[in-house]
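The values are calculated or read from the model by the stated rules, or taken from the named source; none is laboratory data. Since this is a predicted model, take the numbers as computed values, not measurements. Don't worry about glycine lacking a Cβ; one is built from the backbone with ideal geometry, like all the others, and counts go over all protein chains shown.
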Ligand SMILES: Nc1ncnc2c1ncn2[C@@H]1O[C@H](COP(=O)(O)OP(=O)(O)O)[C@@H](O)[C@H]1O
Ligand SMILES: [Mg+2]
């Protein structure tokens, strides 16, 4: 199963979401888990250098050719972190997805970037958004969740803003974040199987 994490905007939470989804997949303990870092910046790879996640194998694939190869030779659950810019890499990953997870933020200029990412994804592949670093109980967040619902884009998760998640590679996987992403993984896998 290929779960591709993408949003053409940078700094929304793609790498964080990819690492936590891979950790959530490993926590199932049922199948091998591969995290494919297709961002030439290598943020997920750097994360793993500091703090590898137990049960997750990481491979760097910073080009269209290498991402295609990584996704051809894979079993179990594969999570793909994608770059914000390199459209060829992003499209190659999106075309091979069983489900696409689109991290976003509440409010402002975000929806157009999510829509651009949705447009790049083949029509028959299920997509869901995850609102990252969310401030729970704010009007902004409520409005964002309602907007996606009325646009018929499923919201697979709302991940609260937490220092423990912001710590990223400097700290271990943060329990509350892991639990929230376990739910995102369940929803993505359910959508992929339909
Ligand atoms: N739930 C969260 N709580 C706090 N900070 C978060 C959360 N999710 C992401 N971040 C922070 O947001 C920033 C961008 O996230 P990152 O995953 O690197 O985005 P991208 O890969 O899309 O560029 C990072 O500093 C990350 O730690
Ligand atoms: Mg990133």
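Computed values, structure above
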item: Odd one out for residue 118, checked against (1) under 15 Å from the mean Cα position of the chain (by Cα); (2) at pLDDT 95 or above; (3) away from ligand 1 (no atom under 12 Å from the Cβ); result: (2)
item: Residue check for residue 31: surrounded by fewer than 17 Cβ atoms within 10 Å (Cβ to Cβ) and touching a strand residue (DSSP E or B) at 6+ places or on another chain (Cβ under 6 Å); result: yes
item: Within the stretch 72-137, strands (runs of 3 or more DSSP E) holding 2 or more residues that are surrounded by 21 or more Cβ atoms within 10 Å (Cβ to Cβ) and free of Cβ contacts under 8 Å to residues at least 60 places away in the same chain; result: 127-134
item: Residues that are farther than 17 Å from residue 100 by Cβ and within 16 Å of ligand 1 (Cβ to nearest atom), drawn from the stretch 62-89; result: 62, 85
item: Filter result for residue 10 (in contact with a strand residue (DSSP E or B) (Cβ under 7 Å, 6 or more places away or on another chain), within 16 Å of ligand 1 (Cβ to nearest atom) and farther than 12 Å from residue 168 by Cβ); result: no
item: Sole exception among (1) free of Cβ contacts under 8 Å to residues at least 40 places away in the same chain; (2) farther than 20 Å from residue 43 by Cα; (3) in a helix (DSSP H, G or I) for residue 158, by number; result: (3)
item: All positions within the stretch 35-65 that are buried (at least 17 other Cβ atoms within 10 Å of the Cβ), in contact with a helix residue (DSSP H, G or I) (Cβ under 6 Å, 6 or more places away or on another chain) and not in a strand (DSSP E or B); result: 38, 43, 44, 47, 53, 61, 64
item: Candidate set: the stretch 1-34, residues that are within 16 Å of ligand 2 (Cβ to nearest atom) and in a strand (DSSP E or B); chosen: the one nearest to residue 190 (Cα to Cα); result: 3
item: Flag if residue 148 is away from ligand 2 (no atom under 16 Å from the Cβ), part of a helix (DSSP H, G or I) and either closer than 24 Å to residue 119 by Cβ or touching a helix residue (DSSP H, G or I) at 6+ places or on another chain (Cβ under 7 Å) (or both); result: yes
item: Which numbered condition residue 99 misses (of (1) within 16 Å of ligand 2 (Cβ to nearest atom); (2) at pLDDT 95 or above; (3) within 16 Å of the chain's Cα centre (by Cα)); result: (1)
item: Cross-chain or 6+ apart pairs with Cβ under 6 Å, the stretch 161-188 first and under 17 Å from residue 53 (Cβ atoms) and in contact (Cβ under 8 Å) with a residue 24 or more places away in the chain, then in a loop (DSSP other than H, G, I, E, B) and within 10 Å of ligand 1 (Cβ to nearest atom); result: 165/174
